[in-house]
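Novice: Dropping a structure here in structure tokens format, bear with me for questions.
Please treat every number below as a calculation from the coordinates, not as lab data. The shown structure was predicted, so the numbers you read here are calculated from the model rather than taken from an experiment. Cβ coordinates were reconstructed from backbone atoms using ideal geometry, including for glycine residues, and neighbour counts include every protein chain displayed.
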Amino acid sequence: DVKVTQSSRYLVKRTGEKVFLECVQDMDHENMFWYRQDPGLGLRLIYFSYDVKMKEKGDIPEGYSVSREKKERFSLILESASTNQTSMYLCASSLWAPGTYEQYFGPGTRLTVT
Amino acid sequence: DAKTTQPPSMDCAEGRAANLPCNHSTISGNEYVYWYRQIHSQGPQYIIHGLKNNETNEMASLIITEDRKSSTLILPHATLRDTAVYYCIVRVSDSGGGADGLTFGKGTHLIIQP
């Protein structure tokens, strides 16, 4: 079974702190994704990566950066956390294969910024 | 990607088959139908996808009408653990390797009654 793990299920940070969210997958997937999910706004893509050291902006990259130094690990960084970044953060991975959108998600990190 | 329409909620008795409809009347020939679900406080879970033919896996069956304008996800023997929001999405088959984000609509909240 594909396993995607995220470093924390719940996280509370203060405004202005630098926040690191880690995601690890164990299926040798090329693609990895970071989303946030908010009530009424659905799932929104922040960044994705299709290879080591490669990254592409999603729909809402402002205030975030990412790092992919190893194939299995994709990190989301909030440079200076703000209260409007309080959200559920979801990591996903998938094989690089034409026409496939079979993504496997982690359990999510519920981040609260106070 | 073509737009999808799903009922906002459905009930089903435990042990019965749950049939979840999805309308995608503007689907084009190279677009796949994907189904995901999200159990409360968990990450989304891939269920199944198809292009033209009916598909079955260990979780569910997907029935696509001949004109491809609608589909039905069937959970053959629903259990309480199948209570979740079910999302039907349509994605084009391209050469991009699937390195693209998913966008979910509001989905169908399926409630399995004991």
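Novice: Restricting to Cα pairs below 8 Å that are 6+ residues apart, what does the relative contact order work out to for chain B? Please round to a whole percent. Could the numbers behind the result be given before it?
Specialist: On the way: 270 pairs, mean separation 42.1, N = 114.
Relative contact order here is 37 percent.
Novice: Taking the Cα atoms of region A:65-114 alone, what are Rg (to one decimal) and Dmax (as a whole number) in Å?
Specialist: Final numbers for Rg and Dmax: 13.4, 42 Å.
Novice: Karplus couplings for region A:13-29 from phi (6.51 cos²θ - 1.76 cosθ + 1.60, θ = phi - 60°), rounded to Hz, Gly and Pro as x?
Specialist: 10, 9, 4, x, 6, 8, 10, 10, 10, 9, 9, 10, 10, 10, 10, 6, 6
Novice: Under a 5 Å amide H to amide H cut-off, with H placed in plane at 1.01 Å, what residues pair with A:Y47 once short-range neighbours are removed?
Specialist: It is A:W34, A:G58, by chain and number.
Novice: Another question, if that's okay. Just going by the charge dipole of chain A, with Lys and Arg at +1 and Asp and Glu at -1 on Cβ, which of A:T100, A:G40, A:V4 is farthest out on the positive end?
Specialist: A:G40
Novice: Over what distance in Å are the Cα centres of region B:40-110 and region A:51-95 separated?
Specialist: Between the Cα centre of region B:40-110 and that of region A:51-95, the gap is 25 Å.
Novice: Figure the gain on full extension for B:K106 and B:K69 (residue separation times 0.36 nm, minus the Cα-Cα span) and round it to one decimal in nm. Show your work: numbers first, answer last.
Specialist: On the way: separation 37, 0.36 × 37 = 13.32 nm, distance 1.89 nm.
Additional length available on full extension: 11.4 nm.
Novice: At a 4.7 angstrom Cβ threshold, list every cysteine in chain B that has nobody to pair with, or say none.
Specialist: Result for chain B is B:C12, no neighbouring Cys Cβ within the cutoff.
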